[in-house]
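Engineer: To start, I am sharing the structure in question, which I have written as structure tokens.
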Amino acid sequence: MKFIIDTDPGTDDAVAILIALAHFSDEELLALTTVAGNVKVDVGTRNALRILEHANRNNIPVYKGESTPLNRDLLTAEWVHGTDGLNGVGFPEPSKSEETLGAVDYITQLLKDSEEKITICVLGPMTNIGKVLSQNPELSEKIEQIIFMGGGAGFGNHTPVAEFNILVDPEAAKIVLNSGAKLVMMGLDVTHQAISTKERLNKILETDTVTGEHLVGLMGSLAELDIVKEKFPDGTPVHDAFVTAYLVDNSLTKGELTNVEVEVDSELTLGQTVVDTNH
Ligand code: BDR
Ligand code: CA
């Protein structure tokens, strides 16, 4: 399997990336591509480089992606992830820079040139992939699957009905969901099963490693907010981790094939994923 991770790191993005780094080689994980979302793209790109630096995996290239959604102003979430995007967790300064090619050009080229199909993990707004597929719709055939964290069957988190990643760039999500590529959606209904309980955090701390400490710091980013404690008394969801954990072990969750569409017009329900659970 060959795959890339498209991401806006982001505390839970960082957990997801660390899971992938622990399980896959540089021949499998081809690149990290970044996008504006949780934080501005420059901050997120630096975070991607910092995570690779920590893991001693600087051979994996980072391509900086789009700085704004396709048709809208950027909405960020520093209140969740901290102004640095990583909740102040002490990842090192990067010794390497991002590549000169941009993420959209890189992904386009990768799909065009690759003899085997590529899996794309999307952990942020779908701006990069949406742009690639709107410019070259035929490239959907070169995608093995797009596994994405976004949306939810029946509820949202940033508004009553919209999940953050989809709300930031609903037009891009619409392009991707209509592209014909095989899609695996890890919506909030799925990711709310990935809870950072005290028991789990303690187990991670017991590894007595710097990575373990970092993971616990990342997963603690929301835990102290009253509004969050009320809703998630046992710990907070680590949304993006579900995407790469699923790559490691696809028996972690079950799904069904169904139609999903994105609301792009309504003021009230903008960014809602309408999941046809009735078929
Ligand atoms: C998603 O939004 C972001 O804040 C997280 O990184 C995750 O990708 C959850 O709604
Ligand atoms: Ca994310």
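Engineer: In segment 118-185, which trypsin sites (Lys or Arg not before Pro) fall in coil by DSSP and have 15 or fewer other Cβ atoms within 10 Å?
Structural biologist: K182
Engineer: Using alpha carbon centroids, what distance separates segment 251-271 and segment 140-200, in Å?
Structural biologist: So the separation of the two Cα centres works out to 7 Å.
Engineer: Give the total of Lys-Lys pairs in segment 125-279 with Cα-Cα distances below 27 Å; include a pair only if its members are 8 or more places apart or on different chains.
Structural biologist: Lysine pairs meeting both conditions in segment 125-279 amount to 16.
Engineer: OK, next. Hey, got a sec? Which GluC sites (Glu not before Pro) in segment 176-254 land in a DSSP loop and have at most 11 other Cβ atoms within 10 Å?
Structural biologist: Answer by residue number: E206, E224.
Engineer: Taking a spot 7 Å from the Cα of E144 along the direction of its beta carbon, which residues of segment 1-23 have an amide N less than 15 Å from it?
Structural biologist: Residues 1-6, 20-21, 23 qualify, since their backbone N sits under 15 Å from the label point.
Engineer: Could you state the number of Å between the C-alpha centres of segment 217-243 and segment 65-132?
Structural biologist: 23 Å
Engineer: In addition: Of all accessible surface on the chain at a 1.4 Å probe, what whole percent is carbon and sulfur?
Structural biologist: Of all accessible area on the chain, carbon and sulfur atoms account for 48 percent.
Engineer: Just order 119-130, 267-278 by mean Cβ neighbour count inside 10 Å, highest at the front, would you?
Structural biologist: Answer by packing, highest mean first, reads 119-130, 267-278.
Engineer: Over the chain, with a single point scatterer placed on each C-alpha, what log10 of the ratio I(q)/I(0) does the Debye formula yield at q = 0.06, 0.08, 0.17 1/Å?
Structural biologist: The Cα Debye sum returns log10 ratios of -0.16, -0.29, -1.49.
Engineer: Please give the per residue accessible area of the chain, computed with a probe of 1.4 Å over protein heavy atoms only, in Å². The partial results should precede the final answer.
Structural biologist: Details: 12770 Å² over 279 residues.
With all protein chains present, the chain gives 46 Å² per residue.
Engineer: What's log10 of I(q)/I(0) for segment 9-163 at q = 0.08, 0.11, 0.20, 0.21 Å⁻¹, Debye sum over Cα points only, no solvent?
Structural biologist: -0.22, -0.43, -1.43, -1.54
Engineer: Using only the alpha-carbon atoms of segment 8-56, report the extent along each of the three principal axes, biggest first, to the nearest angstrom.
Structural biologist: Sorted from largest, the Cα extents of segment 8-56 read 28, 17, 15 Å.
Engineer: In addition: Which far-off residues, 5 or more places away or on another chain, put their amide H under 5 Å from the one on V274, with H placed in the peptide plane?
Structural biologist: Under 5 Å from the amide H of V274 lie the amide H atoms of E261, V262, E263, each far enough along the sequence or on another chain.
Engineer: Mind jotting down the three principal axis lengths of segment 179-279 based on Cα atoms? Whole angstrom, largest first.
Structural biologist: Taking the Cα atoms of segment 179-279, the three principal extents are 46, 33, 21 Å.
The values are calculated or read from the model by the stated rules, or taken from the named source; none is laboratory data. Please read all numbers here as calculations on a predicted model, not as lab measurements. Heads up, the Cβs are rebuilt from the backbone with ideal geometry, glycines too, and the neighbour counts pull from every protein chain shown. Accessible surface areas use protein heavy atoms only, side chains included; no ligands, DNA or RNA. Shrake-Rupley method; radii C 1.70, N 1.55, O 1.52, S 1.80 Å.
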